[in-house]
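Down below is the structure, laid out as C-alpha cells.
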Amino acid sequence: MQTLYQWDFRGNPSAAIPAIIEQTMQEFGAGLEETKEFVEKTVDGVITHQQEIDDFITRHAPHWPLGQMTIIDRNILRLGVYELEFNTEEIPPKVAINEAIELAKTYGGPSSGKFVNGILGAMYKEENK
C-alpha cells in the first residue's frame, strides 16, 4: 500500500517502482525481507491491471470520481480490487476486503473504512450473485 501511495503521489512513474519498493522495504519492512517478492508481484499486478481496476472502482463508486478520492483511499481500493479480481488464488475475497478495511481505518480518514467496505462489498456481492 505504501509503495502504491508513493507511486500515485509521484504521478505514476512506472520506471520508479523498483526504487520505491526498495525505499519502502528499507523504511517499513525491516525484518520482512522475505515478503519483498510478494510486494513486487502485488504492485506489478496492480499497475499492470490499473485501468481495469480503476474501471471496477468507477463502476462501484459512481459518485466518487477517482481524482476526488484521497490518494490513500484510492490506492487501498486498487489493492483490494486487485486481490478480489486478479489474485484470488492467494487471498480469499473476504480476507482481501477485511485487509483493505483495516488499512483504510488505520491510514485513511474517519470514514475511509466505511467507504472502502461499501465499494468492495458491493463489488463482491455483484460478482457472487
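The values are calculated or read from the model by the stated rules, or taken from the named source; none is laboratory data. As the structure is a computational prediction, the values presented were derived from the model and not from experiment. What goes into the accessible areas is simple: the full protein's heavy atoms, side chains included, and nothing from ligands, DNA or RNA. Shrake-Rupley method; radii C 1.70, N 1.55, O 1.52, S 1.80 Å.
Brief remarks on what is shown
- Atom-type composition of the exposed protein surface of the chain places 54 percent of the accessible area on carbon and sulfur (1.4 angstrom probe).
- Lysine-lysine proximity count for the chain, Cα under 26 Å, sequence distance 8 or more or distinct chains: 12
- Length gained on full extension, T106 to Q26: 26.7 nm, using 0.36 nm per residue less the C-alpha separation.
- Axis angle, to the nearest 10 degrees, between helix 17-28 and the longest C-alpha principal axis of the chain: 80 degrees.
- Residue-span extension gain [N87 to N12] - 0.36 nm each, minus C-alpha spacing: 24.8 nm
- The chain, relative contact order [Cα under 8 Å, separation at least 6], %: 21 percent
- Full extension of the chain between K114 and E37 yields a length gain of 24.7 nm, computed as 0.36 nm times the residue separation minus the alpha carbon distance.
- Per residue solvent-accessible surface (Å²) - segment 1-120, probe of 1.4 Å: 55 Å²
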